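Notes follow once the structure below has been shown.
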Amino acid sequence: MLGRKREKKVISKRRRIVSYILWSIPIIIALVVFTISKQSYKSPNGVEFGFTFSNMYAEELGLDWQETYTAMLDDLGVRLFRIPVYWNRVEKQQNKYDWSEIDWQVEQAQKRDAKIILAVGRRLPRWPECHDPKWLSETDNFEQDLFEYLTLTVNRYKDYDNIIAWQVENEPFLAFFGECPELDISLLEREIALVKSLDNSRPIMVTESGELSWWQDGGRLADIVGVSIYENTWNDFVGSSNYALPPAFYYYKARLVENNYPNTKVIASELQAEAWTPVPMTSFPLSEQMKSVDLNRVKQNVKFAEDTGFDRILLWGAEWWYWLKKVHNRPEIWNYGKTLF
């Protein structure tokens, strides 16, 4: 047991070292990109904004997740969502599925003509990234269990016309982030092939780190590459830090993907619009959260994302916006959100 603990510490230390190196790469690249262009590349066709919604995260903030989701639909006016189908919530007990949470979200969106990108897989948005059912550690048939969950999910929701795409896993190539096993690229390819075989009428999306990847793996595997855009981040080595990346950094990388894979589209699947904190949001002082992301930062991030040329941008953090409004009587970011939709 002691040996295992030491092994885990070594692996954790290696991951941290790798993460620090990777976090520095965009800064170096940015110096080169800055010499190329600082201009705006706004889409001539305008931008479609949306949001990722996590009922799990809303609960972590102490919110009623159905109330939060309904407020996003009816008060903000959101008409494009990315919704994770957390494996540990739909199959809490092995072979016993409860789809009520996802059913409700999909149906409420359909009533309002809101579109959904449904995210499926073991690794999905929000920490700890891999949302394994508790029973999974005791099974000897991981792949069989995973594929059953994927099959049942896709077959259940493929007849909803407001489902516009399937996301398979979340940022699977970002190996050092999250509490997840090492990536098995062959398994990921089989997952994508399975989803395509079940529903070949909708595109497959694979997501990548906007800053720490060239997006070529996603371009090879998927119809849509969704990339994150983060301006303010946190790591244990330097604390809070800002990237110095211009819109050209994202614009030219998207063009590279689309040149190499002409049938692949690149979108912004995760635009930072909430604070990045080293501990759970409810345990971090509000004044410190505002140093990471406040109303001005949200506005700046939205403008920055528009300048990259993406015509579809999914924001990240509406649950936090609602928490600020409802719990802290700070509605300014929420109210700004109404102008986007």
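Side notes on the structure shown:
- When residues of the range 38-53 are limited to those that are of a type in the set (Gly, Ala, Ser) and out of contact with any helix residue (DSSP H, G or I) (no Cβ under 7 Å at 6 or more places or on another chain), the one surrounded by the most Cβ atoms within 10 Å (Cβ to Cβ): Gly50
- Residue check, Thr277 surrounded by 15 or more Cβ atoms within 10 Å (Cβ to Cβ) and touching a Phe, Trp or Tyr at 6+ places or on another chain (Cβ under 8 Å): yes
- Ile83, sole failed condition from (1) at pLDDT below 90; (2) in contact with a helix residue (DSSP H, G or I) (Cβ under 7 Å, 6 or more places away or on another chain): (1)
- Single unsatisfied condition, Gly50 versus (1) under 21 Å from Thr207 (Cβ atoms); (2) in a helix (DSSP H, G or I): (2)
- Test: residue in the range 276-299 that is closer than 25 Å to Asp223 by Cβ, at pLDDT 95 or above and either basic (Lys, Arg) or within 17 Å of the chain's Cα centre (by Cα) (or both): no
- Residue under evaluation Pro280, criteria (1) of a type outside the set (Ser, Thr, Tyr); (2) over 30 Å from Ala165 (Cα atoms); (3) in contact with a strand residue (DSSP E or B) (Cβ under 7 Å, 6 or more places away or on another chain), criterion not met: (3)
- Any hit, the range 211-227, residues being surrounded by fewer than 23 Cβ atoms within 10 Å (Cβ to Cβ), touching an Asp or Glu at 6+ places or on another chain (Cβ under 6 Å) and either modelled with pLDDT of 95 or more or not in a helix (DSSP H, G or I) (or both): no
- Figure legend. Inter-residue proximity from the range 108-119: first residues touching a residue at least 40 places away in the same chain (Cβ under 8 Å) and within 15 Å of Tyr157 (Cα to Cα), second residues buried (at least 24 other Cβ atoms within 10 Å of the Cβ) and of a type in the set (Gly, Ala, Ser), beta-carbon distance below 6 Å, spacing 6+ or different chains. Indicated pairs: Ile116/Ala109.
- Extreme residue, farthest from Glu143 (Cα to Cα), among residues of the range 169-191 that are without any contact (Cβ under 8 Å) to a residue 40 or more places away in the chain and crowded, with 19+ Cβ neighbours inside 10 Å: Leu174
- Here Asp161, Asp140 are screened, and the one residue that is more than 12 Å from Arg123 (Cα to Cα) and at pLDDT below 95 is Asp140.
- Residue within the range 56-65 that is over 22 Å from the mean Cα position of the chain (by Cα), in a loop (DSSP other than H, G, I, E, B), of a type in the set (Gly, Ala, Ser) and at pLDDT 60 or above present: no
- Residue that is farthest from Val154 (Cα to Cα) [pool: residues in the range 64-107 that are of a type in the set (S, T, N, Q) and surrounded by 17 or more Cβ atoms within 10 Å (Cβ to Cβ)]: Thr68
The values are calculated or read from the model by the stated rules, or taken from the named source; none is laboratory data. This is a predicted model, so every value here is computed, not measured. Using ideal geometry, Cβ is built from the backbone for each residue, glycine included, and neighbour counts are taken over all protein chains shown.
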